[in-house]
(Lines give C-alpha, C1' and ligand atoms only; values in the text may rest on other atoms or scores of the structure.)
Protein backbone atom coordinates (compact mmCIF):
# COMPACT_ATOMS: atom_id res chain seq x y z
CA UNK A 1 0.00 0.00 0.00
CA UNK A 2 1.28 3.46 -0.95
CA UNK A 3 0.26 6.42 1.22
CA UNK A 4 0.24 10.05 0.12
CA UNK A 5 0.71 12.98 2.50
CA UNK A 6 -0.37 16.39 1.22
CA UNK A 7 1.02 19.30 3.26
CA UNK A 8 -0.96 22.47 2.48
CA UNK A 9 0.51 25.18 4.73
CA UNK A 10 -1.05 27.58 5.99
CA UNK A 11 1.44 30.03 4.46
CA UNK A 12 3.90 31.50 6.99
CA UNK A 13 3.91 28.38 9.17
CA UNK A 14 7.37 27.04 8.43
CA UNK A 15 6.36 25.56 5.07
CA UNK A 16 9.61 26.54 3.38
CA UNK A 17 11.62 25.07 6.25
CA UNK A 18 9.76 21.76 5.94
CA UNK A 19 10.19 21.74 2.17
CA UNK A 20 13.91 22.54 2.38
CA UNK A 21 14.43 19.76 4.92
CA UNK A 22 12.66 17.25 2.68
CA UNK A 23 14.73 18.36 -0.30
CA UNK A 24 17.97 18.13 1.69
CA UNK A 25 17.17 14.55 2.70
CA UNK A 26 15.45 13.51 -0.53
CA UNK A 27 17.95 10.80 -1.51
CA UNK A 28 18.16 9.40 2.01
CA UNK A 29 14.38 9.37 2.40
CA UNK A 30 14.01 7.44 -0.85
CA UNK A 31 16.24 4.71 0.56
CA UNK A 32 13.81 4.42 3.47
CA UNK A 33 10.69 4.26 1.33
CA UNK A 34 9.55 7.91 1.24
CA UNK A 35 9.54 9.96 -1.96
CA UNK A 36 9.47 13.74 -1.96
CA UNK A 37 9.10 14.24 -5.73
CA UNK A 38 11.40 16.62 -7.54
CA UNK A 39 9.50 18.81 -10.03
CA UNK A 40 11.37 20.43 -12.90
CA UNK A 41 10.32 24.07 -12.69
CA UNK A 42 10.14 24.62 -8.91
CA UNK A 43 12.22 21.75 -7.54
CA UNK A 44 11.47 22.12 -3.82
CA UNK A 45 7.67 22.58 -3.84
CA UNK A 46 4.63 21.23 -5.65
CA UNK A 47 2.76 24.34 -6.76
CA UNK A 48 1.71 22.50 -9.92
CA UNK A 49 -1.09 20.86 -7.91
CA UNK A 50 -3.29 23.96 -7.49
CA UNK A 51 -2.47 24.96 -11.08
CA UNK A 52 -3.91 21.66 -12.34
CA UNK A 53 -7.24 22.07 -10.57
CA UNK A 54 -7.65 25.86 -10.42
CA UNK A 55 -9.21 28.20 -12.98
CA UNK A 56 -6.55 29.97 -15.08
CA UNK A 57 -7.46 33.42 -13.77
CA UNK A 58 -7.03 32.27 -10.15
CA UNK A 59 -3.49 30.94 -10.39
CA UNK A 60 -1.32 32.67 -7.78
CA UNK A 61 0.93 35.40 -9.19
CA UNK A 62 4.03 33.98 -7.47
CA UNK A 63 3.38 30.68 -9.25
CA UNK A 64 2.94 32.42 -12.60
CA UNK A 65 6.24 34.22 -12.02
CA UNK A 66 8.01 30.88 -11.76
CA UNK A 67 6.09 28.98 -14.42
CA UNK A 68 5.94 31.06 -17.60
CA UNK A 69 4.07 34.26 -16.59
CA UNK A 70 1.08 33.03 -18.63
CA UNK A 71 -1.82 30.90 -17.32
CA UNK A 72 -1.78 28.81 -20.50
CA UNK A 73 1.95 28.17 -20.29
CA UNK A 74 1.64 27.55 -16.54
CA UNK A 75 -1.08 24.93 -17.10
CA UNK A 76 1.09 23.16 -19.64
CA UNK A 77 4.08 23.14 -17.30
CA UNK A 78 1.89 21.76 -14.50
CA UNK A 79 0.87 18.81 -16.65
CA UNK A 80 4.55 18.18 -17.38
CA UNK A 81 5.30 18.28 -13.66
CA UNK A 82 2.59 15.73 -12.88
CA UNK A 83 3.91 13.39 -15.59
CA UNK A 84 7.42 13.73 -14.12
CA UNK A 85 6.15 12.92 -10.61
CA UNK A 86 4.40 9.82 -11.94
CA UNK A 87 7.66 8.74 -13.60
CA UNK A 88 9.50 9.16 -10.30
CA UNK A 89 6.86 7.15 -8.45
CA UNK A 90 7.06 4.33 -11.02
CA UNK A 91 10.86 4.32 -10.84
CA UNK A 92 11.19 4.39 -7.05
CA UNK A 93 8.09 2.39 -6.01
CA UNK A 94 7.89 4.19 -2.62
CA UNK A 95 5.79 3.23 0.36
CA UNK A 96 5.01 6.88 1.02
CA UNK A 97 4.83 10.04 -1.11
CA UNK A 98 4.96 13.55 0.37
CA UNK A 99 3.67 16.55 -1.57
CA UNK A 100 3.79 20.12 -0.27
CA UNK A 101 2.30 23.40 -1.48
CA UNK A 102 1.06 26.27 0.68
CA UNK A 103 -0.86 27.46 -2.39
CA UNK A 104 -3.24 24.61 -1.66
CA UNK A 105 -4.48 26.36 1.49
CA UNK A 106 -7.73 27.68 0.07
CA UNK A 107 -11.35 26.67 -0.45
CA UNK A 108 -11.97 24.75 -3.65
CA UNK A 109 -15.28 23.73 -5.17
CA UNK A 110 -16.47 20.14 -4.77
CA UNK A 111 -15.59 19.46 -8.42
CA UNK A 112 -12.04 20.75 -7.93
CA UNK A 113 -11.59 18.69 -4.77
CA UNK A 114 -12.83 15.65 -6.70
CA UNK A 115 -10.20 16.41 -9.35
CA UNK A 116 -7.52 16.71 -6.67
CA UNK A 117 -8.54 13.45 -5.01
CA UNK A 118 -8.39 11.67 -8.35
CA UNK A 119 -4.88 13.03 -9.01
CA UNK A 120 -3.73 11.84 -5.59
CA UNK A 121 -5.50 8.48 -5.94
CA UNK A 122 -3.52 7.88 -9.12
CA UNK A 123 -0.33 8.20 -7.05
CA UNK A 124 -1.23 6.22 -3.92
CA UNK A 125 -3.80 4.09 -2.15
CA UNK A 126 -4.56 6.35 0.81
CA UNK A 127 -4.28 10.11 1.33
CA UNK A 128 -3.70 12.25 4.42
CA UNK A 129 -3.76 16.05 4.46
CA UNK A 130 -2.11 18.23 7.08
CA UNK A 131 -2.24 21.98 7.72
CA UNK A 132 -0.50 24.12 10.33
CA UNK A 133 -2.10 27.31 11.65
CA UNK A 134 -0.42 30.25 13.36
CA UNK A 135 -1.43 32.85 15.92
CA UNK A 136 -2.93 35.59 13.68
CA UNK A 137 -0.78 38.38 15.15
CA UNK A 138 2.43 36.48 14.41
CA UNK A 139 1.03 35.47 11.04
CA UNK A 140 0.34 39.10 10.20
CA UNK A 141 3.86 40.23 11.04
CA UNK A 142 5.35 37.50 8.85
CA UNK A 143 2.93 38.31 6.02
CA UNK A 144 3.72 42.03 6.28
CA UNK A 145 7.42 41.28 5.93
CA UNK A 146 6.82 39.14 2.86
CA UNK A 147 4.67 41.82 1.24
CA UNK A 148 7.31 44.48 1.83
CA UNK A 149 9.90 42.31 0.14
CA UNK A 150 7.77 42.28 -3.00
CA UNK A 151 6.19 45.72 -3.18
CA UNK A 152 6.06 49.09 -1.42
CA UNK A 153 2.96 48.41 0.62
CA UNK A 154 2.05 47.60 4.21
CA UNK A 155 -0.80 45.13 4.22
CA UNK A 156 -3.69 45.93 6.51
CA UNK A 157 -4.29 43.56 9.44
CA UNK A 158 -7.49 42.08 8.04
CA UNK A 159 -8.79 39.02 9.90
CA UNK A 160 -7.42 35.68 8.72
CA UNK A 161 -9.86 33.67 6.67
CA UNK A 162 -9.13 30.09 7.64
CA UNK A 163 -12.45 28.47 8.45
CA UNK A 164 -13.38 28.26 4.76
CA UNK A 165 -10.32 26.17 3.79
CA UNK A 166 -10.43 24.13 7.00
CA UNK A 167 -14.10 23.30 6.59
CA UNK A 168 -13.69 22.52 2.90
CA UNK A 169 -10.78 20.14 3.49
CA UNK A 170 -12.60 18.41 6.33
CA UNK A 171 -15.63 17.92 4.08
CA UNK A 172 -13.45 16.58 1.27
CA UNK A 173 -11.09 14.34 3.28
CA UNK A 174 -12.90 13.71 6.56
CA UNK A 175 -10.73 12.27 9.33
CA UNK A 176 -7.79 12.10 6.92
CA UNK A 177 -7.45 15.88 7.34
CA UNK A 178 -5.56 17.16 10.40
CA UNK A 179 -4.86 20.68 11.72
CA UNK A 180 -1.85 21.40 13.92
CA UNK A 181 -0.76 24.52 15.82
CA UNK A 182 2.38 26.29 14.65
CA UNK A 183 3.91 27.43 17.92
CA UNK A 184 7.17 26.38 19.56
CA UNK A 185 5.35 25.69 22.83
CA UNK A 186 3.31 22.86 21.28
CA UNK A 187 5.37 21.67 18.30
CA UNK A 188 7.31 18.45 18.82
CA UNK A 189 10.62 19.49 20.40
CA UNK A 190 9.61 23.10 19.64
CA UNK A 191 10.44 22.59 15.97
CA UNK A 192 8.07 22.46 13.00
CA UNK A 193 10.39 20.19 11.00
CA UNK A 194 10.56 17.71 13.87
CA UNK A 195 6.79 18.00 14.27
CA UNK A 196 6.16 17.25 10.60
CA UNK A 197 8.67 14.40 10.70
CA UNK A 198 6.63 12.93 13.55
CA UNK A 199 3.33 13.39 11.71
CA UNK A 200 4.73 11.68 8.60
CA UNK A 201 6.21 8.82 10.62
CA UNK A 202 9.73 9.58 9.43
CA UNK A 203 12.79 8.45 11.36
CA UNK A 204 14.11 11.45 13.40
CA UNK A 205 17.62 10.31 12.50
CA UNK A 206 16.81 11.23 8.89
CA UNK A 207 16.32 14.90 9.72
CA UNK A 208 18.99 17.24 8.32
CA UNK A 209 21.54 18.07 10.99
CA UNK A 210 21.29 21.80 10.30
CA UNK A 211 17.48 21.91 10.25
CA UNK A 212 16.14 25.37 11.05
CA UNK A 213 12.39 25.84 11.39
CA UNK A 214 12.38 29.62 11.60
CA UNK A 215 11.06 31.62 8.68
CA UNK A 216 13.68 34.13 7.67
CA UNK A 217 12.93 37.31 9.60
CA UNK A 218 14.13 40.82 8.89
CA UNK A 219 14.53 43.75 11.25
CA UNK A 220 12.05 46.60 11.52
CA UNK A 221 14.68 48.84 9.93
CA UNK A 222 14.91 46.51 6.93
CA UNK A 223 11.12 46.52 6.65
CA UNK A 224 11.24 50.31 6.47
CA UNK A 225 13.94 50.21 3.77
CA UNK A 226 11.92 47.74 1.71
CA UNK A 227 9.02 50.18 1.85
CA UNK A 228 11.24 53.01 0.61
CA UNK A 229 12.98 51.25 -2.29
CA UNK A 230 10.50 48.70 -3.62
CA UNK A 231 8.23 49.42 -6.60
CA UNK A 232 4.53 49.56 -5.61
CA UNK A 233 3.51 46.58 -7.76
CA UNK A 234 4.09 42.84 -7.98
CA UNK A 235 6.56 41.61 -10.58
CA UNK A 236 4.68 40.50 -13.69
CA UNK A 237 7.50 40.03 -16.19
CA UNK A 238 10.86 38.22 -16.01
CA UNK A 239 12.75 41.54 -15.96
CA UNK A 240 10.60 42.89 -13.13
CA UNK A 241 11.02 39.66 -11.18
CA UNK A 242 14.79 39.86 -11.63
CA UNK A 243 14.87 43.46 -10.37
CA UNK A 244 12.69 42.61 -7.37
CA UNK A 245 15.06 39.76 -6.54
CA UNK A 246 18.08 42.06 -6.81
CA UNK A 247 16.56 44.59 -4.41
CA UNK A 248 15.53 41.85 -2.00
CA UNK A 249 19.02 40.36 -1.86
CA UNK A 250 20.58 43.79 -1.29
CA UNK A 251 18.37 44.55 1.71
CA UNK A 252 18.70 41.09 3.26
CA UNK A 253 22.48 41.14 2.94
CA UNK A 254 22.79 44.65 4.35
CA UNK A 255 20.49 43.75 7.25
CA UNK A 256 22.65 40.72 8.03
CA UNK A 257 25.89 42.71 7.83
CA UNK A 258 24.85 45.77 9.84
CA UNK A 259 25.00 45.24 13.63
CA UNK A 260 21.97 45.82 15.81
CA UNK A 261 19.32 43.76 14.02
CA UNK A 262 16.51 42.50 16.24
CA UNK A 263 13.34 40.58 15.48
CA UNK A 264 10.51 43.11 14.99
CA UNK A 265 7.57 43.01 17.37
CA UNK A 266 4.13 44.45 16.81
CA UNK A 267 3.12 47.35 19.01
CA UNK A 268 0.85 46.03 21.79
CA UNK A 269 -2.19 47.94 20.57
CA UNK A 270 -1.83 46.47 17.06
CA UNK A 271 -1.42 42.95 18.41
CA UNK A 272 -4.46 43.48 20.64
CA UNK A 273 -6.54 44.65 17.67
CA UNK A 274 -5.58 41.61 15.60
CA UNK A 275 -6.60 39.17 18.34
CA UNK A 276 -9.89 40.96 18.98
CA UNK A 277 -10.83 41.11 15.29
CA UNK A 278 -10.03 37.48 14.45
CA UNK A 279 -13.34 35.98 15.51
CA UNK A 280 -12.52 32.76 13.64
CA UNK A 281 -10.15 31.97 16.51
CA UNK A 282 -13.18 30.74 18.44
CA UNK A 283 -14.26 28.46 15.60
CA UNK A 284 -10.71 27.16 15.23
CA UNK A 285 -10.73 26.27 18.92
CA UNK A 286 -14.26 24.88 19.19
CA UNK A 287 -14.56 23.07 15.84
CA UNK A 288 -10.96 22.06 15.11
CA UNK A 289 -9.34 21.95 18.55
CA UNK A 290 -6.72 24.58 17.71
CA UNK A 291 -5.57 26.49 20.80
CA UNK A 292 -2.73 29.00 20.60
CA UNK A 293 -0.61 29.25 23.77
CA UNK A 294 -0.77 32.56 25.60
CA UNK A 295 -3.69 33.91 23.58
CA UNK A 296 -6.44 35.62 25.59
CA UNK A 297 -9.58 34.12 24.08
CA UNK A 298 -11.80 36.24 26.32
CA UNK A 299 -11.13 39.35 24.19
CA UNK A 300 -11.79 37.71 20.81
CA UNK A 301 -14.65 39.54 19.13
CA UNK A 302 -14.88 42.10 21.95
CA UNK A 303 -14.71 45.88 21.43
CA UNK A 304 -13.44 45.59 17.87
CA UNK A 305 -13.01 48.98 16.14
CA UNK A 306 -15.35 49.49 13.22
CA UNK A 307 -12.52 50.37 10.83
CA UNK A 308 -9.47 48.28 10.02
CA UNK A 309 -6.33 50.33 10.70
CA UNK A 310 -4.03 51.20 7.83
CA UNK A 311 -0.37 52.13 8.01
CA UNK A 312 1.96 54.25 5.93
CA UNK A 313 5.10 53.90 8.06
CA UNK A 314 6.73 50.92 9.74
CA UNK A 315 7.00 52.95 12.95
CA UNK A 316 3.21 52.67 13.23
CA UNK A 317 3.54 48.89 13.40
CA UNK A 318 6.62 48.41 15.53
CA UNK A 319 9.49 50.37 17.05
CA UNK A 320 12.70 50.83 15.08
CA UNK A 321 16.07 52.54 15.30
CA UNK A 322 16.04 55.52 12.87
CA UNK A 323 19.84 55.77 12.79
CA UNK A 324 20.21 52.11 11.89
CA UNK A 325 17.49 52.41 9.26
CA UNK A 326 19.23 55.35 7.59
CA UNK A 327 22.58 53.56 7.63
CA UNK A 328 20.94 50.45 6.22
CA UNK A 329 19.25 52.38 3.44
CA UNK A 330 22.53 54.08 2.50
CA UNK A 331 24.22 50.70 2.17
CA UNK A 332 21.41 49.31 0.06
CA UNK A 333 21.24 52.27 -2.30
CA UNK A 334 25.00 52.15 -2.77
CA UNK A 335 24.76 48.45 -3.61
CA UNK A 336 21.91 49.04 -6.08
CA UNK A 337 23.52 52.05 -7.78
CA UNK A 338 24.46 51.36 -11.42
CA UNK A 339 28.12 50.58 -12.00
CA UNK A 340 30.22 53.00 -14.05
CA UNK A 341 30.19 50.45 -16.89
CA UNK A 342 26.39 50.40 -16.87
CA UNK A 343 26.21 54.21 -16.85
CA UNK A 344 28.70 54.35 -19.72
CA UNK A 345 26.62 51.92 -21.77
CA UNK A 346 23.56 54.09 -21.14
CA UNK A 347 25.41 57.23 -22.32
CA UNK A 348 26.64 55.47 -25.46
CA UNK A 349 23.15 54.17 -26.19
CA UNK A 350 21.78 57.71 -26.11
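Among the numbered criteria (1) out of contact with any helix residue (DSSP H, G or I) (no Cβ under 9 Å at 6 or more places or on another chain); (2) assigned by TED's automatic domain parsing to the domain that holds residue 119; (3) touching a residue at least 60 places away in the same chain (Cβ under 8 Å), which single criterion is violated by residue 190?
(3)
If you take the residues of the range 154-166 that are touching a helix residue (DSSP H, G or I) at 6+ places or on another chain (Cβ under 8 Å) and assigned to a helix (DSSP H, G or I), which of them is farthest from residue 308 (Cα to Cα)?
Once the filter is applied, the top-ranked residue is 166.
Is there a residue in the range 198-213 that is under 19 Å from the mean Cα position of the chain (by Cα), modelled with pLDDT of 95 or more, under 15 Å from residue 18 (Cβ atoms) and buried (at least 18 other Cβ atoms within 10 Å of the Cβ)? Steps first, please.
First, the residues of the range 198-213 that are under 19 Å from the mean Cα position of the chain (by Cα): 211-213.
Of the ones still in play, those that are also modelled with pLDDT of 95 or more are none.
Looking through the range 198-213, none of the residues is under 19 Å from the mean Cα position of the chain (by Cα), modelled with pLDDT of 95 or more, under 15 Å from residue 18 (Cβ atoms) and buried (at least 18 other Cβ atoms within 10 Å of the Cβ).
Within the range 62-106, take every residue that is surrounded by 17 or more Cβ atoms within 10 Å (Cβ to Cβ) and over 18 Å from residue 44 (Cα atoms) and give me the one that is nearest to the chain's Cα centre (by Cα).
Among them, the one singled out is 106.
Suppose we filter the range 303-318 for residues that are surrounded by 12 or more Cβ atoms within 10 Å (Cβ to Cβ) and assigned to a loop (DSSP other than H, G, I, E, B); how many remain? Lay out the reasoning, then the answer.
Keep residues of the range 303-318 that are surrounded by 12 or more Cβ atoms within 10 Å (Cβ to Cβ), which gives 304, 308-309, 311, 314-318.
Cutting the leftovers down to assigned to a loop (DSSP other than H, G, I, E, B) gives us 304, 308-309, 311, 317-318.
Selection size over the range 303-318: 6.
Please return the ranges of helices (runs of 4 or more DSSP H) entirely within the range 60-153 where 1 or more residues are in contact with a strand residue (DSSP E or B) (Cβ under 8 Å, 6 or more places away or on another chain).
71-92, 110-121, 136-150
The values are calculated or read from the model by the stated rules, or taken from the named source; none is laboratory data. Keep in mind the model is a prediction, meaning the values are calculated, not measured. Cβ atoms come from the backbone with ideal geometry, glycine included; neighbour counts cover every protein chain shown.
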